[in-house]
1. What is the angle, in °, between the Cα long axis of helix 142-155 and the longest principal axis of the Cα atoms in the chain? Nearest 10 is fine, range 0 to 90.
2. Could you state the angle between the C-alpha long axis of helix 432-447 and the longest principal axis of the C-alpha atoms of the chain, as a value from 0 to 90 degrees rounded to the nearest 10?
3. Packing-wise, with mean Cβ within 10 Å as the measure, how do 98-105, 459-466 rank, highest first?
4. Cα to Cα, under 24 Å, and not fewer than 8 places away if on the same chain: which lysines meet these conditions relative to LYS203?
5. Given R₀ = 30 Å, what would the calculated FRET efficiency be for LEU370 paired with ASP266, taking r from the Cβ atoms and rounding to 0.05?
6. For the charge dipole of segment 89-157, defined by +1 on Lys and Arg C-beta atoms and -1 on Asp and Glu C-beta atoms about the Cα centroid, which residue among GLN147, PRO136, ILE123 has the Cα displaced farthest towards the positive pole?
7. Counting pairs of alpha carbon atoms under 8 Å apart in space and at least six apart in sequence, what relative contact order in percent does segment 293-407 give?
8. Cross-link candidates for LYS152: which aspartates and glutamates have Cα within less than 16 Å, leaving aside residues fewer than 8 places away along the same chain?
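Every number in this text was worked out from the coordinates using simple rules, so none of it is lab data. Note that the structure is predicted; figures quoted are calculated from it, not measured. With ideal geometry, Cβ positions are generated from the backbone for all residues, glycine too; neighbour counts draw on all protein chains shown.
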Amino acid sequence: MTYLFMQSITKRFPGVTANDGVDLSVERGSIHALLGENGAGKSTLMRILYGMYAPDHGRIFLEGREIRIPNPRAAIQLGIGMVHQEFQLVPSLTVAENIALGYEPRRNGLVDRKTQRRQIEAILERFGFSLPLDKPIADLPVGIQQQVEIIKLLYRKAELLILDEPTSVLTPQEVEGLFAVLQTLREEGKTIIYITHKLREVKTICETATILRRGRVVGRLEVAAASEKELANLMVGEQVVDQVFPRSRQIGQERLVLKQVSALDDRGVPALREVNMTLRAGEIVGIAGVQGSGQSELVEVIGGLRPARGEIWLNGREVSRFSPRQRRQRGLAVIPEKRKEQGLNLATHIQENVISTRYYKPPFSGWLTLFTRPAEQFAGRILHEYNVAAPGVRSMVKNLSGGNQQKVITGREMIDHPEVLVAAYPTRGLDVGAAQFVREAMIGRRDQGGAVLLISADLDELFAVSDRILILYEGRIVGEKKPDETTFEEVGLYMTGHLHAG
């Protein structure tokens, strides 16, 4: 039977119609995929369902009864819960404390911890979970943290669970574990809306799918009756070409070399431990690892944003003491991990963002003066060559979709053909079309003689574009593999410390 029905949902923002008469029908006890490009309206629709936005028009029915959801707490009371892509957990609190936070049972005005523990253990037993209830969240791997988020919703008696890009930071083994959990939830009668760009996962775990494009529903279908390519074509509105990238044919001289590089994280704990690495012209080297294995610190150390011990060589010169600007002048470009926090100034427009790494030199400035015309031409070139969907160079970056924001950064970093490109999670959260564009841009840079270091949590991506894959585990390089000579499962074992080099 239909458990959830969202009827004719419309939501407008200034200059944008995010949802335009959207119908969404989800059966009880099913896993339903919600698909679409960045900016298609998926997030807006789910935020309406979770009470974060109010629709301008439309109605929502749950089990045949019309409901109103003014805020997330009301959604939870109606049995609707959401696991966000960025987990909503308090690192310093224990697993049990996070699960019950805000919903603790009380006796005589105090938290009744015995009852709280009994309730949590009953849920764990019912759904077959095993969690270390007394451990702080900060000490747990990402896969376990995600399970905590799911148990947190079940503790709040959620019947409908919304999962937003749930596998974006998981190893292959953790993905298998998540799918087992979802199967159990489905068998227990729970209903799941599954938002993802990974069509292989849709085919594996989902029964039905609704596809949005430009704020409208363009398809609702049985997943078993459609191929991945057909789903992708519906999402982008055109034929999607299968991505088959040949390996590098000509590898040249050393461009980036790390020798015995070690660094601390923000807490003063070792994050990189004697890392040795060589990146050559004409190759893409992928970095695989579970979240928190040192990837973020590696990018910051190479870019000059984090102090480190050891030697960093760039195009034949040691740059360990060079500033970020000096490293850029030596041929380094960086696509940062977090586009909104590290890659863009959301308070200003595209033009200012794209000249932010070069405003101090000709043709953009001279004699303490910034020249507007060259900046406009440069920004316009990026919009054109990198297919950025924006009204013009003065469009505010915050109003762009995630995919177009990423294209702005990619264009800024790649348009001058850097000799060394460090790309950290460049396609995270992007739809099929935008991700394909970014990958093709990296392949193009490689084939023109550039050296690319790709940090990614997407093993499909690493296997598709890398010439070599290095695996980071607890700050060390524990393995090196060629994609054609290994498997997802083997790389996953290296990522979790079950295998190591030598």
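1. It is inclined by approximately 20 degrees.
2. 20 degrees
3. Values: 98-105: 17.2, 459-466: 20.9.
Sorting 98-105, 459-466 by mean packing, highest first, produces 459-466, 98-105.
4. Here the lysines satisfying the reach criterion relative to LYS203 are LYS42, LYS190, LYS229.
5. Numbers: r = 34 Å, r/R0 = 1.14.
Calculated value: 0.30.
6. ILE123
7. Details: 106 pairs, mean separation 22.4, N = 115.
With pairs under 8 Å counted, the relative contact order is 19 percent.
8. Once the sequence-local aspartates and glutamates are set aside, what remains near LYS152 is GLU86, GLU97, GLU104, GLU121, GLU125, ASP134, ASP164.
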